[in-house]
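First comes the structure, then the notes that go with it.
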Amino acid sequence: MNNVLRVACSGTGYFSKFHYEAWSRLDNVELIGVCNRDIEKAKSFAETYKIEHYYQNLELMLLELKPDFLDIITPPVTHLDAVTIAAKLGIDVCCQKPFGENLEQAQQMVKMAKNAGIKLVIHENFRFMPWIRKAKEELDSGVLGEVLNVQFNLRPGDGQGNDAYLARQAYFQDMPKFLIHETGIHIVDVFRYFFGEPYSVYAQLRRCNPVIKGEDAGTVIFQFAENLQAILDGNRLLDHNSSNTRRTMGECQVEGTQGTLNIDGEGRMWLRKIGEQINNEIHYDWQDKNFGGDCVYQTIKHIVQHYHQDTPLENQGFEYLHNILVEQAIYRSNEQRMCIDLDLQPSTEVTP
C-alpha cells in the first residue's frame, strides 16, 4: 500500500458524522467516496467533508474508486450485502456494530473475509473511550490487587416517552432485541477487554418503555476466572450525574483486594486504597469532544496506525464473534431463567 490510505464510506446517518470527521482529521488518509441510498444525502456529506465522489450504489463506488478500505456505517440489516460486495472486490472493511443481524450472519461475514483474504474490523468504540483505556492501564499495573467485583451502571437517560430515540436513531424503536444487542454489547466488549473471557452469564431483561419493541433495561451477571464477578446493570430510561449522560453512558466501579477504582459521568477517575477514606483522583489526558471522549477518532486512529505502522488490530471480526456468542447466551439466559455456561477459549481465530 502507498503512504496514503484511500477510504470510502457507506452511510450518512446520525452516527456517521463522527466517522467522517475522524477520517478527515488523520494524516495519510484520503476520503475518496461516500455512498448512500439517498443520493442527496450522499452529496451533502461529500460537500461537508470535501469528498470528491458520491454514489447511490455501493458496488459501483467500489468498482470505480477501488479504495483500500471501506467503512460501513449503516444499520445491521445492510452489513451482509456490504461485506459481500467488499469481499468480492478484495477491499478491507470496518463494519459498525451490531455486527450483522445475528450470529449466523456474523459467522458468514467472518468466513467470507477469511476466504477473500481481506481484513474485517468491527467498529467497537467503547474500549477506545479514554477512561476505559486508562482504567485498563490501572488494572494491568496491579494497583487494585486481586479484582473481585465490577459493576457498570448503564444510564444514558435517553429512552423515555413516545419519541425515544427518534431524533438520532429512530430504528432503535423497532429493534426486537435492543438493550443488549445494541448497547450492552459495548460493555460485554469492555469486560472482555479488561478481564478476558467470561465462563458464565445470568440475565434478567425487561422492557420499561412500551413504545419500543425490544428490552431497554436489565441486569446481567458475568463470572470470570479467579473468582471475579462483573455486573452490567442497564436502564436506558434512567440517567446518572453528568453534564452529558451520553459521554460515559453511566458509571463504573472496579473493586479489588488492594483498592477501588471509580469512573463517573464526567470521565473522572478515582482510586481509593483499601482501608483508607481518601479518594485520589487519577489525572489523564483526553478530549471531551464528539462522542464518548472522541472514542470514534481513537478507534479509527488505531486502524490507520495498523496500516502505517503495522501495529496489531483489535476487534477483528473473528475475535468479535466472542462478543456475539456472549450476547446470545445472555438472551438465552433471560428466556430460560437460568445461568448459561460459556466455553470461549482465547485464540487468534474463531472458526465459524
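Which is modelled with pLDDT under 95 and within 30 Å of residue 228 (Cβ to Cβ), of 125, 102?
Details: 125 fails: modelled with pLDDT under 95.
So the residue among 125, 102 that is modelled with pLDDT under 95 and within 30 Å of residue 228 (Cβ to Cβ) is 102.
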May I ask you to list the residues in the range 186-211 that are more than 26 Å from residue 138 (Cβ to Cβ) and buried (at least 21 other Cβ atoms within 10 Å of the Cβ)? 203, 205
Extreme residue, farthest from the chain's Cα centre (by Cα), among residues of the range 37-72 that are under 19 Å from residue 303 (Cβ atoms) and not charged (D, E, K, R): 65
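For residue 86, indicate whether it is modelled with pLDDT of 95 or more, in contact with a strand residue (DSSP E or B) (Cβ under 6 Å, 6 or more places away or on another chain) and over 10 Å from residue 317 (Cα atoms).
Values: modelled with pLDDT of 95 or more: yes; in contact with a strand residue (DSSP E or B) (Cβ under 6 Å, 6 or more places away or on another chain): yes; over 10 Å from residue 317 (Cα atoms): yes.
For residue 86, the condition - modelled with pLDDT of 95 or more, in contact with a strand residue (DSSP E or B) (Cβ under 6 Å, 6 or more places away or on another chain) and over 10 Å from residue 317 (Cα atoms) - is met.
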Qualifying residues in the range 212-237 (those that are surrounded by 16 or more Cβ atoms within 10 Å (Cβ to Cβ) and among the small types (Gly, Ala, Ser)) - the one nearest to residue 156 (Cα to Cα): 234
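Matching residues to (1) surrounded by fewer than 22 Cβ atoms within 10 Å (Cβ to Cβ); (2) polar (S, T, N, Q); (3) within 19 Å of residue 119 (Cα to Cα):
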| position | (1), (2), (3) |
| --- | --- |
| 7 | no, no, yes |
| 10 | no, yes, yes |
| 17 | yes, no, no |
| 25 | yes, no, no |
| 35 | no, no, no |
| 39 | yes, no, no |
| 45 | yes, no, no |
| 49 | yes, no, no |
| 68 | yes, no, yes |
What are the residue pairs meeting all of these: first residue in the range 159-176, first residue within 16 Å of residue 245 (Cβ to Cβ), second residue assigned to a helix (DSSP H, G or I), Cβ atoms under 6 Å, and 6 or more apart or on different chains? 165/172; 165/173
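Mind listing whichever residues of the range 292-348 are basic (Lys, Arg) and assigned to a helix (DSSP H, G or I)?
To start, the set of residues in the range 292-348 that are basic (Lys, Arg) comprises 301, 332, 337.
Listed by number, the residues that qualify are 301, 332.
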List pairs: first residue in the range 317-346 and under 19 Å from residue 206 (Cβ atoms), second residue of a type outside the set (Asp, Glu) and in a loop (DSSP other than H, G, I, E, B) anywhere in the structure, Cβ distance under 8 angstrom, at least six positions apart or on different chains. 329/342; 331/177; 333/339
Do you know which residues across the range 123-149 are surrounded by 14 or more Cβ atoms within 10 Å (Cβ to Cβ) and part of a helix (DSSP H, G or I)? 126, 127, 128, 130, 131, 132, 133, 134, 135, 136, 138, 139
Close pairs (9 angstrom Cβ cut-off, 6 or more residues apart or separate chains): over 15 Å from residue 39 (Cβ atoms) in the range 54-65, hydrophobic (A, V, I, L, M, F, W, C) and outside any helix (DSSP H, G or I) anywhere: 62/8; 62/35; 62/70; 62/91; 65/8; 65/32
Selected residue (criterion: nearest to the chain's Cα centre (by Cα)) from residues of the range 228-287 that are of a type in the set (Ser, Thr, Tyr) and part of a loop (DSSP other than H, G, I, E, B): 248
Quickly run through the range 89-105 and pick out the residues that are surrounded by fewer than 21 Cβ atoms within 10 Å (Cβ to Cβ), within 18 Å of residue 319 (Cα to Cα) and more than 17 Å from the chain's Cα centre (by Cα). 104, 105
Among 267, 256, 250, which is surrounded by 19 or more Cβ atoms within 10 Å (Cβ to Cβ) and either out of contact with any strand residue (DSSP E or B) (no Cβ under 6 Å at 6 or more places or on another chain) or more than 29 Å from residue 200 (Cβ to Cβ) (or both)? 267
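With the structure loaded, tell me whether residue 73 is touching a Gly at 6+ places or on another chain (Cβ under 6 Å), in contact (Cβ under 8 Å) with a residue 24 or more places away in the chain and of a type outside the set (Lys, Arg) or whether it fails that test.
Details: touching a Gly at 6+ places or on another chain (Cβ under 6 Å): yes; in contact (Cβ under 8 Å) with a residue 24 or more places away in the chain: yes; of a type outside the set (Lys, Arg): yes.
The answer is yes for residue 73.
Please state which one of 326, 296 is modelled with pLDDT of 95 or more, at negative phi, crowded, with 18+ Cβ neighbours inside 10 Å and out of contact with any Pro (no Cβ under 7 Å at 6 or more places or on another chain).
Numbers: 326 fails: out of contact with any Pro (no Cβ under 7 Å at 6 or more places or on another chain).
When all the criteria are applied, what remains is 296.
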Just checking, does the range 178-194 include any residue being aliphatic (A, V, I, L, M), touching a residue at least 40 places away in the same chain (Cβ under 8 Å) and under 21 Å from residue 82 (Cβ atoms)? yes
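The values are calculated or read from the model by the stated rules, or taken from the named source; none is laboratory data. Just so it is clear, the model here is predicted, and its values are computed rather than measured. Heads up, the Cβs are rebuilt from the backbone with ideal geometry, glycines too, and the neighbour counts pull from every protein chain shown.
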